[in-house]
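The values are calculated or read from the model by the stated rules, or taken from the named source; none is laboratory data. A quick note: this is a predicted structure, and the numbers were derived from the prediction, not measured. When we count neighbours, we look across all protein chains shown, and the Cβ atoms used for this are built from the backbone with ideal geometry, even at glycine.
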Amino acid sequence: MPSNRFIVLDGVEGCGKSTQVRLLAEALTDRGYQVVTTHEPGGTPAGERIRQVLLEPGLAINALTEALLFCASRAEHIAQVIRPALSDGNIVVCDRFSAATAAYQGYAGGLGFDTFWELDRLAADGLQPDMTIILDLDPQVGRQRKIEESDGADRIEQKSIEYHRRVREGFLQYAQRVGSAAVVIDAARSIEDIHAHILQVLGIE
Ligand code: TMP
C-alpha cells in the first residue's frame, strides 16, 4: 500500500486536474490498487445540491458564506464518502479539497488564512490529505482552455482575471504553509509530462 492514501489534485480553473485525476486513478487501478475518485464541492447528494448554489451564475454570495458552504459540502463528503472509503482500504483521489478553500475564499476572497484554518478544521474533523498536488498555471491560459471546452462560465469562473491571479497566488501560499503535505507542479506542460510528474511525486513506479 503506498504511503499516500488520500490524494488531492487542485489548482486554478483550466489547469487540467480532472484529466489528471482520471489518469492517476487509472494508473493506480492498473497497479492493482482499489481506488475511489471523487470531487468537491459535491461527491454526495447534499454536496451536489450545495454545489448548484455555489456555482449558479450571477448569484451574490459573500466570501464567508461561500467558505461555509464549501466546508458544509466537505463535512458531508468526509463523513459519507472519504472516511468510509479509506476505512475499506481504498486509495482516495479527490478533485479539489481544502487547498481550494484556502486559495479561493481565504486568499482571493479576502477571508484570510486564519479564518480558513478555523472553518476547515471544523469541517474536516481531523482528516488531512496525505498529499495535495497543486497544478500551477497562468490563469489566463487556464481560462482560455475552459472557454474552448465548455458552453458557459459558472459563478466562480465569471470572477475577474485579477481574482483568479490571486487564487493562483493563494495556492502557492497554501503549499508553502503546509510544507511537505503539498507539491506544486508546472501544469503548462503536456498531459503526459504532468501525469509522469504526479506519479513521480507519489512514488508510484
Ligand atoms: P470544479 O469546477 O473544479 O469542479 O470546481 C468548482 C468551483 O468551485 C471552482 O471554481 C473552484 C471552486 N471552489 C472554491 O472556490 N472553494 C472550494 O473550497 C472548492 C472545493 C472549490
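Would you be able to say whether some residue in segment 8-22 is touching a Cys at 6+ places or on another chain (Cβ under 8 Å), more than 24 Å from Gln140 (Cβ to Cβ), more than 10 Å from the ligand (Cβ to nearest atom) and modelled with pLDDT of 95 or more? No, every residue in segment 8-22 fails to be touching a Cys at 6+ places or on another chain (Cβ under 8 Å), more than 24 Å from Gln140 (Cβ to Cβ), more than 10 Å from the ligand (Cβ to nearest atom) and modelled with pLDDT of 95 or more. Within segment 73-90, residues that are more than 17 Å from Leu122 (Cβ to Cβ) and surrounded by fewer than 18 Cβ atoms within 10 Å (Cβ to Cβ) reach partners that are among the hydrophobic types (A, V, I, L, M, F, W, C) and at pLDDT below 95 with beta carbons closer than 8 Å, at six or more positions or on different chains, in the pairs Gly89/Met1. Taking the criterion of being in a loop (DSSP other than H, G, I, E, B), farther than 19 Å from Arg166 by Cβ and within 13 Å of the ligand (Cβ to nearest atom), the only residue of segment 99-146 that qualifies is Pro129. Residues in segment 38-52 that are surrounded by fewer than 16 Cβ atoms within 10 Å (Cβ to Cβ) and free of Cβ contacts under 8 Å to residues at least 24 places away in the same chain: 4 in all. Only a single item in (1) surrounded by fewer than 19 Cβ atoms within 10 Å (Cβ to Cβ); (2) among the β-branched types (Val, Ile, Thr); (3) under 14 Å from the mean Cα position of the chain (by Cα) is not met by Ile147, and it is number (3). Listed by first and then second residue, the pairs with beta-carbon distance under 8 Å, at least 6 apart or on different chains, first residue in segment 162-188 and within 14 Å of Gly14 (Cβ to Cβ), second surrounded by fewer than 16 Cβ atoms within 10 Å (Cβ to Cβ), are Ala188/Val141.
Scanning segment 41-90 for residues that are out of contact with any helix residue (DSSP H, G or I) (no Cβ under 6 Å at 6 or more places or on another chain) and in a loop (DSSP other than H, G, I, E, B) turns up Glu56, Pro57, Gly58, Leu59, Ala60, Ile61, Asn62, Asp88, Gly89, Asn90.
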